[in-house]
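A.B. asks: Below: one structure in structure tokens.
What follows is calculated from the coordinates using simple rules that are stated; it is not laboratory data. Since we're looking at a predicted model, the values are computed, not measured. Neighbour counts run over all protein chains shown; Cβ positions are idealised from the backbone, glycine included.
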Amino acid sequence: MAPLLEEGIKIVEDELHQGGIDVSWSKITSELKKSLDKDTFQNWIKPIYFESRIDTSLTLSVPTRFLRDWIIKNYASVIKKAYMDQGHSIDKLAILVKENNDRIIPGTEVIYEDKDDEEDTYYDDISAPLDPKFTFDNFIVGKPNELAYAASQRVAQSEVVSFNPLFLYGGVGLGKTHLMHAVAWNIKKRNPKKNVVYLTAEKFMYQFIKALRFKNIMSFKEQFRSVDVLMIDDVQFIIGKDNTQEEFFHTFNTLIDKKRQIIISADKSPADLDGIEDRLKSRLGWGLVADIHPLTYELRLGILQAKAEHKSLTLEQEVIEFLANKITNNVREMEGALNRLAVHASIQNSKISVDLVKDVLKDLLRTNSRKITIDEIQKKVVEHYNIKLSDMHSPRRSRSIARPRQVAMYLAKSITTRSLPEIGRKFGGRDHTTVIHAIKTIEEIMVNDPNLAEDIELLTRILQTS
Ligand code: ADP
Ligand code: MG
């Protein structure tokens, strides 16, 4: 082709490569759609928007920073290579964040840098780093986590595999990852030669996809099948990801057959992991399944005390109790609260009072106000007045039943965010005007009847702190 003509074509092409249109980009995405599994494509490639390609400089945009970073880390090299395959070399690949696919957020551009050794070393470290703070010493034990703790200790200390796998499950921030790391530290300390591998199911999946992509599946398999102890965290992540599940299942079976210890964590019990194949589900439940229950008040107190002490943060009992009452969901939030208070204590010489805590942790305390249900309200009211639960729904109007029912409706309105019709429905399908009437009645009586006012206060407190 004559150089001039070539130049001309290039200019036309460049014009085409702006404002969201690039023939090559369309081709590349349809290629990737074929080569990646469905979820991966949907989650990571689909949201990418083509911005421009000028000479060897390619700019893409995505709706969030998280996506940007993830794509830079995992898919930028793939995209670059795909362009290469189409005959275009890309020297600079930048991804920026565009809100609602509309407004570029300034300063969000990140440029991808080649890592030449990626293909060679990608499987070097299949284990994720362990957090040095996550040890058994730092773990506070109470009723809700004693089984999980004991089982983890057992796995860490015994030379023979007694239950396999150990399956830990429970809500967010209750110490699953902490326990797994503690086991890993312990085993490594006793026996540094042991190949202990800890990683999240998400990372397992990406290692696997990478191996597929680089046609390295054999060494991937070998890597995983030669470990002594395998820990996979947050296994719920592979729900619905069929290929990954399949591979995981094989890895799992091989290791179990070889009597290698496996520890799995998830947010639900094996049986409740919807979207995981039945045969995998049942195998996950073969060993010991240990549930970490929601934190009790006692355990929250214990954890707060230990963590405050660890940070050399002096808190009065009253403050600790306040926190234990208010921050109920998970330990991570308790740590966050203590960190903030520690900062305050260090810049401000005054003592930390409950009022100060309320002020400093305003946002945290708001999101922690537990969601109380109408069912719970009815239950507590019924207990308090010693009537039957069915009385809450029944049409009976005798005072001894109608009054508690009105109290419950009043509480439903004042503590929950349910609407009047919703509340009415929960009380035997009553009309919303009945609910309004109940609320007005209680408000009026409370003014002159300190007993009722006390009842309401007491019930509110019981509901909010149970
Ligand atoms: P999960 O993996 O269940 O979501 P993590 O193990 O990440 O929770 O725990 C969240 C945070 O809370 C970590 O910093 C961890 O050290 C801390 N933590 C959780 N449970 C306890 C406990 N019983 N004693 C001390 N710290 C805990
Ligand atoms: Mg975790």
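A.B. asks: Longer than 20 Å from Cα to Cα, which of LYS33/LYS80; LYS221/LYS258; LYS176/LYS371; LYS33/LYS241; LYS188/LYS281 are they? Say none if no pair is.
C.D. replies: The answer is LYS176/LYS371; LYS188/LYS281.
A.B. asks: What does the highest-first list of 320-326, 398-404 look like by mean Cβ count within 10 Å?
C.D. replies: 320-326, 398-404
A.B. asks: Between the range 41-77 and the range 303-333, what's the alpha-carbon centroid distance in Å?
C.D. replies: One Cα centre to the other: 42 Å.
A.B. asks: Report, ordered by chain and residue number, the aspartates and glutamates lying within cross-link reach of LYS203, taken as a straight Cα distance under 12 Å and ignoring same-chain residues fewer than 8 apart.
C.D. replies: Leaving aside aspartates and glutamates fewer than 8 places away in the same chain, those within reach of LYS203 are ASP125, ASP233, ASP234.
A.B. asks: Among the aspartates and glutamates, which have Cα under 14 Å from the Cα of LYS46 when same-chain residues fewer than 8 positions away are ignored?
C.D. replies: Here the aspartates and glutamates satisfying the reach criterion relative to LYS46 are GLU31, ASP37.
A.B. asks: Label the range 297-368 by shape, choosing from rounded, prolate and oblate, from the square roots a ≥ b ≥ c of the eigenvalues of the Cα gyration tensor; if a/c is under 1.5 it is rounded, and otherwise prolate applies when a/b is larger than b/c, oblate when it is not.
C.D. replies: Oblate, since a/c reaches 1.5 and b/c is not below a/b.
A.B. asks: Based on the alpha-carbon gyration tensor of the range 374-465 and its eigenvalue square roots a ≥ b ≥ c, which shape applies: rounded if a/c is under 1.5, prolate if not and a/b is larger than b/c, or oblate?
C.D. replies: Rounded, because the longest to shortest axis ratio a/c is under 1.5.
A.B. asks: Here is a follow-up. Give the distance, in whole Å, between the Cα centre of the range 261-286 and the Cα centre of the range 403-431.
C.D. replies: 39 Å
A.B. asks: May I pose another question? In the range 176-285, what trypsin sites (Lys or Arg not before Pro) fall in a loop by DSSP, with at most 15 other Cβ atoms inside 10 Å?
C.D. replies: Here the trypsin sites (Lys or Arg not before Pro) that fit, given the DSSP loop and packing criteria, are LYS193, LYS194, LYS215, LYS258, LYS259.
A.B. asks: From the alpha carbon gyration tensor of the range 143-292, can you work out the equivalent ellipsoid semi-axes (sqrt of 5 times each eigenvalue) and give them in Å, largest to smallest?
C.D. replies: Gyration-tensor ellipsoid for the range 143-292: 23, 19, 13 Å.
A.B. asks: Projecting each Cα onto the charge dipole of the chain (Lys/Arg +1, Asp/Glu -1 at the beta carbon, about the Cα centre), which of SER269, VAL343, HIS250 comes out farthest on the positive side?
C.D. replies: Most positive-ward Cα: SER269.
A.B. asks: Restricting to the chain, compute how many DSSP beta bridges are antiparallel as a %, nearest 5.
C.D. replies: 30 percent
A.B. asks: Moving on. Keeping to pairs on different chains or 8 or more places apart, tell me how many lysine pairs in the range 374-465 have Cα atoms under 18 Å apart.
C.D. replies: For the range 374-465, the number of qualifying lysine pairs is 9.
A.B. asks: Continuing with this model, one more query. Can you give the FRET efficiency to the nearest 0.05 for GLU99 and SER398, using r as the Cβ-Cβ distance and R₀ = 56 Å?
C.D. replies: With R0 = 56 Å, the Cβ-Cβ based efficiency is 0.40.
A.B. asks: Rounded if a/c is under 1.5, else prolate if a/b beats b/c, else oblate: with a ≥ b ≥ c from the C-alpha gyration tensor eigenvalues square-rooted, which is the chain?
C.D. replies: Verdict is prolate for the chain.
A.B. asks: Follow-up question, since we're still on this one. Extending each Cα 7 Å along its Cβ direction at ASP114 and ASP375, get the distance between those two points in nm, one decimal.
C.D. replies: 6.0 nm
A.B. asks: Could I ask something else about it? Using a simple charge model, +1 on the beta-carbon of Lys and Arg, -1 on the beta-carbon of Asp and Glu, nothing else, what dipole does the chain show about its Cα centre, in debye to the nearest 20?
C.D. replies: Once rounded to the nearest 20, the dipole reads 1800 debye.
A.B. asks: Place a label point 7 angstrom from the Cα of HIS384 along the Cα-to-Cβ direction, then list the residues of the range 418-452 whose backbone nitrogen is under 11 Å away.
C.D. replies: Only 452 pass the distance filter.
A.B. asks: Residue farthest toward the positive end of the dipole of the chain, with Cβ of Lys/Arg at +1 and Asp/Glu at -1: which of ILE104, TRP286, ASN43?
C.D. replies: TRP286
A.B. asks: Starting from the Cα of LYS98, draw a straight line to each of the aspartates and glutamates and keep only those under 17 Å, dropping any in the same chain fewer than 8 residues away.
C.D. replies: Once the sequence-local aspartates and glutamates are set aside, what remains near LYS98 is GLU51, ASP69, GLU109.
A.B. asks: Continuing with the same structure: Determine the dipole magnitude for the range 297-368: charges of +1 sit on the beta-carbon of Lys and Arg, -1 on that of Asp and Glu, nothing else is charged, the reference point is the Cα centre, and the result goes in debye to the nearest 20.
C.D. replies: Around 200 debye, computed over the range 297-368.
A.B. asks: Using 7 Å Cα-to-Cβ label points, what is the LYS188/ASP228 separation (nm, one decimal)?
C.D. replies: So the two model labels end up 1.3 nm from each other.
A.B. asks: Oh, and also: Placing +1 on the Cβ of each Lys and Arg and -1 on the Cβ of each Asp and Glu in the range 374-465, which of LEU452, HIS393, ILE442 has its Cα farthest towards the positive end of the resulting dipole?
C.D. replies: HIS393
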